[in-house]
Each structure stands twice: as structure tokens, then as C-alpha cells.
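Reading through the C-alpha cells given below for one structure.
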Amino acid sequence: MNKVKGLLFDFNGTLFFDSKMHISIFQDYFAERGKEPPTAEFVVANIFGRSNPNIYATYFAKDENDTDWESFADDKENRYRQFCLEHPELMRYTAGVEEMLDYLKANGIPYALATGAGPDNIEFYMKHMGLGRWFDESNMVYTDGSFRSKPEPDIYILAAKKLGLDASECAVFEDGRSGVIAAQRAEAGAIVCVYEEDLPSPLPEGDSCEGEYNDFTEWKDMLRKLGVLR
């Protein structure tokens, strides 16, 4: 493991446990289009972390000339945000996250958000979850169409640059297979898997990471293991 100087966090399914909402919405989409609804394992391994244009082209486009992904993206994200608003009890950060982020911010430890979420969802999280308490444009990369989506390494390379670091100097926290592969391709200094307890591990078979957790309640131990906290 390389010396870790900064921390890069995925958001959905990691800092915010909303994976089951997304899985349910994708299962509905497949069924509505006459396709077999995917299992949770399939969504974690093949869909999580990818951009809406990539998902549409792979699973829903009528042919290779069908690039009309925007209506799909708008509808899917509107369904997701409406579900969140109808279930405010679910709109809370993963256990331990707020305490950890407060500590990182107060102690000047470099950290950034690297999320496949688009601008509308970022605005939604700012308004309804107070995301701006820890993140702004100086330490956040989100999907805006200017870079390739996971599993390509772009998002983690860009997030590290926001911190003035190389990806090899950063630890990545992920819950999705595509995100883990993106971190590997970015040659991240370390990868930590954090995902909901009853969902499958995002690690590709045979790979290892610096730890697998089901929340952030052990964040001090996580950071000690990475050499960030002593």
C-alpha cells in the first residue's frame, strides 16, 4: 500500500446507503421493457457507478444509433428523488459518516467526493442532506459529461487532482464493482470497500482491498490502518 495522503469517497451506496432504492428502480425499468429484472448481485457488479448514457446504451437502447438517453435519465432520477422524499427516514448518512467527515474537515486531512451522481442529484443532496457541510466545487467531482464514467479511472484521477495529489497517494472508498475497477485502473494507493450488510461485496473475484465494512462506525480504525490517523 502506498502512503495515503488523501481520501476519495464514492457517495451513493457508500456515504449514503441508497443502493436498495436504485436496485428497485432498475428492476422496475427492466421489467417495464420486457426484460428479466436483474438481481442485486448483477446491479452491484454491472450497473452501479456507471453514467446514465453508459447504462442506457448497454441495456435499454433499441440499437447502436439510439442515443436518446436523456429521457431515461430524467425519469429514473426523478423516480429516485421522489422515492427519497417519500421516505425521509431513509435519507440519512451511513453510520459514522458525519463524525468522520467533521474530523477530516477540522483536522485539515485532504478528502474529496467522487460520485457518479449528476448535477441535479448533487443539488438535491445539498438541499435535503446538507452535503455542503463538507463538500463544494473545490473537493467534489460528479458526472457532468466531461469525463468517462466508471469503470474508467477518470473520476478518481480528477478527484485526486482537486486535492493536489496523485491517485496513488489516495485511498478510495467504494461500494460498486465498477468503482473498484476504476480505482484499480487509477492506481489508487488503497481501496476500502464499504457497502450495505446484505448486499454482495463489490470486489472482483480473487482481488483484495484494505478492508470491507458495512458502515463507518469504525472510521478511526480505518484511518489508522491507512496511516492517516495515528
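What the table shows:
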read-out: Helical contribution to [θ] at 222 nm, DSSP H n ≥ 4, -39,500 (n - 2.57), averaged over the chain, rounded to 500; value: -12000 deg cm²/dmol
read-out: Positive dipole terminus of region 1-160, leading residue within VAL141, PHE26, TYR80 (C-beta point charges); value: VAL141
read-out: Cβ-derived FRET efficiency at R0 41 Å, ASP207 paired with ASP102, nearest 0.05; value: 0.85
read-out: Rh (Kirkwood; distinct C-alpha pairs) - region 1-99, Å; value: 15.3
read-out: Probe 1.4 Å - accessible area at HIS128, Å² to nearest ten; value: 80
read-out: Of ASP198, ASP175, ASP144, the one that fluctuates the most in a GNM where the chain has Cα springs shorter than 10 Å; value: ASP198
read-out: Per-residue SASA entry for THR58, accessible area with 1.4 Å probe, Å² rounded to 10; value: 80
read-out: Percentage of interatomic Cα-Cα distances in the chain larger than 20 Å; value: 58
read-out: Per residue accessible area in Å² of the chain, where ligands, DNA and RNA are left out and the probe is 1.4 Å; value: 47
read-out: All-pairs Cα distance distribution in region 89-192, expressed in whole percent, bin size 10 Å; value: 15, 46, 36, 3
read-out: Simple spin-label estimate for ASP74 and SER168 in nanometres, 7 Å along Cα-Cβ; value: 4.5
read-out: Built amide H within the under 5 Å cut-off of LEU113, gap 5+; value: PHE9, MET140, VAL141
read-out: Percentage relative contact order, region 108-230, counting C-alpha pairs under 8 Å, at least six apart; value: 19
read-out: Simple label model, 7 Å out from Cα along Cβ direction - ASP144 to ALA61, nm; value: 2.5
read-out: Environment charge of GLY34, counting only residues whose C-beta is closer than 15 Å and scoring Lys/Arg +1, Asp/Glu -1; value: 0
read-out: Contact order relative to length of the chain, as percent, for alpha carbon pairs under 8 angstrom and 6 or more apart; value: 29
read-out: Projected label distance in nm at LYS127 and PHE83, using a 7 Å step from Cα toward the beta-carbon; value: 2.0
read-out: With every protein chain in place, region 1-135: carbon and sulfur % of accessible area (1.4 Å); value: 47
read-out: Percentage relative contact order, region 89-153, counting C-alpha pairs under 8 Å, at least six apart; value: 38
read-out: Heavy-atom accessible area order for ASP136, ASP215, largest first, 1.4 Å probe; value: ASP136, ASP215
read-out: Net charge over other residues, Cβ less than 14 angstrom from the Cβ of CYS84 (K, R count +1; D, E count -1); value: 0
read-out: Solvent exposure ordering (accessible area, 1.4 Å, most first) of GLU210, GLU86; value: GLU86, GLU210
read-out: Given charges at beta-carbon only (K, R positive; D, E negative), |dipole| of the chain in Debye; value: 760
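The values are calculated or read from the model by the stated rules, or taken from the named source; none is laboratory data. These figures come from a predicted structure and were not determined experimentally. Cβ sites come from the backbone with ideal geometry, for glycine too, and all protein chains shown count toward neighbours. The accessibility values were calculated without ligands, DNA or RNA, using every heavy atom of the protein model including side chains. Shrake-Rupley method; radii C 1.70, N 1.55, O 1.52, S 1.80 Å.
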